[in-house]
Amino acid sequence: MTASPDGDPPPGLELTPAERGMWRAFRSGTTHDLRTPHPERNDPDGPYTWGPERSVRAQVIALLLLDGPPALPGRVPALKLNGVQITGLLDLSGGTVVPYVELQNCRFEQQVLLPECRFTTLRLVGCTLPRLEAARLHTEGDLHLPRCVVRRGIRLSDARVGTDLLLNQAVVRRDRRGVCIAADGLTVGQDLQAELARAYGELSLRGAKIGASLSLRGTTLSNPFGRRALNAPQLTVERTVYLTPAAEDGPVVSGATPPYGISPTGPAYGTRLRNFSCEGGLRLDDGRFGDALDLSGARLALSDGQEVSLRRIQTPELRFLGQRPEHGRVVLSGARVVNLVDRWESWPGPGGLVMAGFSYETLIPHGSFPLPRRLEWVSAATPEYAPEPYECLAASLRDSGEDTDARAVLLAKQRRRRETLPLAGKAWGYLQDWTVAYGYRPGRAALWMAVLWALGTLWFARHPLPPVKPEESPTWNAALYTLDLLLPVVDLGQGQAWKTEGAGQWLATALVLIGWVLATTVAAGASRLLRRQ
């Protein structure tokens, strides 16, 4: 069935008054508005029934979009509807739609089928529909679905959106598989915005590619009974991922730099903010984010067994500034970031954090995050001893010029390692700790040497030793004799010249052994320092 060359409907197609008005509006590119003067009756998701005077058949819409009449002279054809009910099944599968399409506040009786369809631009604003099936959809321009209510999910698998994909303030419920938005393999040329939206089920973005920013500001993802609320491994975002608050009644700024729709000056005083909320697991494994992953203010409501999984992500900046998860785990294994912006109150406690192989270069704490708490942070992430988190923290502190704190971290690492050793190793570790703190506090060795030298000198000054060879012995000097015993390598010519008997013999042996221990621990500490240089 094709429209006649003069623009009239094809023979045999009887149009209702509402459809004739739509036909004329299509040819002139104007909006066909069927709203009533009563705003409460214009809500497509409301309880009021819309009669035949506000209804058009999906069959007629398909005819207009796929093989419609020519435009009036000097006009561009476009389908623009407002407050219209579409009856029947709208099926444009595999078709090419050239006219501009914008449907506002429309109510669809049945699901919309757009798989493998091509559009220039498609805008559904404030519409209600049972389901949107649009796998492998291709648009040259935007795909807009703001404020739409979709009762059984959206499918955008392997779709290609030329510019922006907007889902702001949309409400999407899950399908029979528990997925609310299935967008695996999705490609978006610029921004994907789903701000202040509500998604009930799993939002799946596996392998998706976003050309600019991904903004879920103020959005609620709720899938408490499934494994994950956001499932987006191997996600690529060229700029920033925003899992942050949004102003519920804030100003909308058109043409602003990404993320579009948010005031660049921030919300006005008194504006109510809605945090990003994720009720269920969140998975971003192997993600690549060109500027940052921002979790400022994020509410992560996990149950036992669920995770915020950031395994092997790579991004210049991770802003972990959300609310502390009370259950579940945060997993950063293998992640690589340059700047870690965080605060103490955001990290989970012992057993709730895993970061084996997590590397960062610069720490940028918000609020008070002193070194003892930072060490607690590392300890919470390593229920079993692992050296990498301590070494990464020490390297970051050293690069920031905080050498004293870096040595304290490495000392804490040795003490933690000591607990994994057998009894003999623990004893040797305690001895190194008490004497020179594993070499990270070498001044202790000098203090021990000075104390022992003074005690030995006092003892031998009161109990001089007889010479081995009286005719060849040097002049008795208690201080030099004690120093010769303590220094294991240097020979001052005193140790072999005098006989040791009784208590003096035991004391001399003890000084020799202690001197060797001190020298060994100092050498071990020095070797660690040299390896770090």
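Hey, among 25, 62, 18, which residue is among the small types (Gly, Ala, Ser), within 22 Å of residue 100 (Cα to Cα) and touching a residue at least 60 places away in the same chain (Cβ under 8 Å)?
After applying the criteria, what remains is 18.
I'd like to check something: does the range 318-339 contain any residue that is over 11 Å from the mean Cα position of the chain (by Cα), within 14 Å of residue 279 (Cβ to Cβ) and among the aliphatic types (A, V, I, L, M)?
The answer is no, given that none of the residues of the range 318-339 is over 11 Å from the mean Cα position of the chain (by Cα), within 14 Å of residue 279 (Cβ to Cβ) and among the aliphatic types (A, V, I, L, M).
Specify which of the listed residues (160, 176, 155) is at pLDDT 95 or above, among the basic types (Lys, Arg) and within 27 Å of residue 43 (Cα to Cα).
155
Could you please find all residues in the range 167-178 being surrounded by fewer than 24 Cβ atoms within 10 Å (Cβ to Cβ) and part of a strand (DSSP E or B)?
Those that are surrounded by fewer than 24 Cβ atoms within 10 Å (Cβ to Cβ) and part of a strand (DSSP E or B): 171, 173.
What strands (runs of 3 or more DSSP E) completely inside the range 272-352 contain at least 3 residues that are crowded, with 22+ Cβ neighbours inside 10 Å and modelled with pLDDT under 95?
In the range 272-352, there are no strands (runs of 3 or more DSSP E) which contain 3 or more residues that are crowded, with 22+ Cβ neighbours inside 10 Å and modelled with pLDDT under 95.
Which residue is farthest from residue 305 (Cα to Cα), if the candidates are limited to the range 353-369 and must be open to solvent by less than 60 Å² (accessible area, probe 1.4 Å) and in a loop (DSSP other than H, G, I, E, B)?
369
Just to be sure I understand, how many residues within the range 83-104 are farther than 16 Å from residue 60 by Cα and in contact with an Asp or Glu (Cβ under 8 Å, 6 or more places away or on another chain)?
Residues that pass the stated criteria total 2.
Does residue 215 meet the test of being at pLDDT 95 or above and over 15 Å from residue 167 (Cα atoms)?
For residue 215, the condition - at pLDDT 95 or above and over 15 Å from residue 167 (Cα atoms) - is not met.
Do you know which residues across the range 493-519 are assigned to a loop (DSSP other than H, G, I, E, B) and either modelled with pLDDT of 75 or more or of a type in the set (A, V, I, L, M) (or both)?
Within the range 493-519, the subset assigned to a loop (DSSP other than H, G, I, E, B) is 493-497, 499-502.
Residues satisfying the conditions are 497, 500.
Keeping to the range 191-210, report how many residues are touching a strand residue (DSSP E or B) at 6+ places or on another chain (Cβ under 6 Å) and either of a type in the set (Lys, Arg) or not in a strand (DSSP E or B) (or both).
Our first condition is that a residue be touching a strand residue (DSSP E or B) at 6+ places or on another chain (Cβ under 6 Å); within the range 191-210, this holds for 192-193, 195-196, 198-204, 209-210.
Restricting the remaining residues to those that are either of a type in the set (Lys, Arg) or not in a strand (DSSP E or B) (or both) gives 195-196, 198, 201, 209.
Qualifying residue count, the range 191-210: 5.
Applying the selection to the range 140-165, what residues are assigned to a strand (DSSP E or B) and free of Cβ contacts under 8 Å to residues at least 60 places away in the same chain? Break it down into steps so the answer makes sense when it comes.
So in the range 140-165, the residues assigned to a strand (DSSP E or B) come out as 143-144, 149-150, 154-155, 160-161, 165.
Of everything in the range 140-165, those that are assigned to a strand (DSSP E or B) and free of Cβ contacts under 8 Å to residues at least 60 places away in the same chain turn out to be 143, 144, 150, 154, 155, 160, 161, 165.
With respect to residue 128, determine if the residue is open to solvent by less than 10 Å² (accessible area, probe 1.4 Å), at negative phi and not hydrophobic (A, V, I, L, M, F, W, C).
Yes.
Considering only residues that are crowded, with 18+ Cβ neighbours inside 10 Å and of a type outside the set (D, E, K, R), which ones fall in the range 370-379?
Across the range 370-379, the qualifying residues are 375, 377, 378.
Need the failing condition index for residue 188 against (1) open to solvent by less than 10 Å² (accessible area, probe 1.4 Å); (2) over 15 Å from residue 215 (Cα atoms), just the number.
So the condition that residue 188 fails would be (2).
List every residue pair whose Cβ atoms lie under 6 Å apart, where the two residues are 6 or more positions apart in sequence or sit on different chains, the first residue falls within the range 382-407 and is under 13 Å from residue 362 (Cα atoms) and part of a helix (DSSP H, G or I), and the second residue, located anywhere, is acidic (Asp, Glu) and open to solvent by 60 Å² or more (accessible area, probe 1.4 Å).
Filtered contacts from the range 382-407: no entries.
The values are calculated or read from the model by the stated rules, or taken from the named source; none is laboratory data. Everything numeric here is computed off the predicted structure, so don't read it as measured data. Note that we place each Cβ from the backbone using ideal geometry, even for glycine, and neighbour counts take in every protein chain shown. With ligands, DNA and RNA removed, areas are computed over all heavy atoms of the protein, side chains included. Shrake-Rupley method; radii C 1.70, N 1.55, O 1.52, S 1.80 Å.
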